[in-house]
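Accompanying notes for the structure given below.
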Amino acid sequence: MARRYDPGRRQRIIDAAIRVVGAKGIAGLSHRSVAAEADVPLGSTTYHFRTLDDLMVAALRQVNEGFAEVVAARGTLEDSRADLAAELAGLIGEWLAGDRTGVELEYELYLAALRRPALRPVAAEWIDSLVGPLSRRTDPVTARALVALLDGICLQVLLTDTPYDEGYAREVLGRILGGGGGRS
């Protein structure tokens, strides 16, 4: 039997993996569960992604793009005249106000890197994608501190189910920028 040409299959598998992790968590992710969700033969998932780590890397890269799109859409991290603390607080507020399942999914995949070394370079890419633009506005050490604080604030909101407080975020970000050599 001839193989059917299906150029979108790989993408459907990645999308299905994201839906599976969103519904069942990392523990629910398997080639079988993804194949069922994507409505493809089991062999298709292993053809495109030899291991689950390969599949999780692709899924994490894709969900990271969601945050990168929020950053790019605002476009203010590059504006040296903008109040950096206010911009970062607004950016996080916009991200957290979006699809909460997507934010939770991104953090679940991001934190999976603790136990899955294959995911660590992708998690580092996410960090670097923020540190780079922030380093142009501050210095590299302050940029990393800002990213760590943003991660901490987001995790606290997600884990405690408390509403995001943009004023608080702006204040603590401003403290790092004021005390860390930043130019807000």
Item to complete: Please turn the phi angles of segment 20-28 into ³J(HN,Hα) values with the Karplus equation 6.51 cos²θ - 1.76 cosθ + 1.60 (θ = phi - 60°), one per residue in order, whole Hz, x for glycine and proline.
Response: 5, 5, x, 8, 10, x, 4, 4, x
Worksheet item: Taking only C-alpha pairs under 8 Å that are 6+ residues apart, what is the relative contact order of segment 4-65 in percent?
Response: 34
Response to the item:
With Cα coordinates, the longest principal axis of the chain makes an angle with the long axis of helix 100-112, in degrees rounded to 10, of 80
Worksheet item: Taking the Cα atoms only, what angle lies between the long axis of helix 120-137 and the longest principal axis of the chain, rounded to 10 degrees?
Response: 30
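Taking the alpha carbon gyration tensor of segment 1-141, what are the square roots of 5 times its eigenvalues, largest first, to the nearest whole Å? Numbers along the way, then the final one.
Values: eigenvalues 224, 43, 40 Å².
Values for segment 1-141, descending: 33, 15, 14 Å.
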Fill in: FRET efficiency estimate (nearest 0.05) - Cβ-Cβ, residue 100 to residue 125, R0 22 angstrom
0.45
Worksheet item: If you find the alpha carbon centre of segment 111-184 and of segment 65-82, how far apart are they in angstrom?
Response: 14
Fill in: Dipole of the chain [Lys/Arg +1, Asp/Glu -1 at C-beta], most positive-end residue of 75, 16, 162
16
Item to complete: Kindly express, to the nearest 10 degrees and within the range 0 to 90, the angle between helix 84-97's C-alpha long axis and the longest C-alpha principal axis of the chain.
Response: 30
Worksheet entry | Cα pair distances of segment 62-182 binned at 10 Å [whole percent] | 13, 47, 34, 6, 0
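Can you tell me the relative contact order of segment 24-153? Whole percent, Cα pairs under 8 Å, sequence separation 6 or more.
In percent, rounded to a whole number, it is 25.
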Discussion item. Quick check: net charge around residue 121, other residues with Cβ under 14 Å of its Cβ, Lys/Arg +1 and Asp/Glu -1?
Written reply: -1
Practice prompt. Rounded to the nearest 500, what is the 222 nm mean residue ellipticity of the chain from helices alone, with -39500 (n - 2.57) per DSSP H run of 4+ residues and division by all residues?
Written response: -24000 deg cm²/dmol
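What share of Cα pairs, in percent, lie more than 14 angstrom apart in segment 1-60? Spell out each step's value before the answer.
Details: 826 of 1770 pairs.
When all Cα pairs of segment 1-60 are counted, 47 percent exceed 14 Å.
Taken together, the values in this text are just the output of simple stated rules run on the coordinates, not laboratory data. Because the structure is a prediction, the values reported are computed rather than measured. All Cβ positions, even for glycine, are placed from backbone atoms using ideal geometry, and neighbour counts span all protein chains on display.
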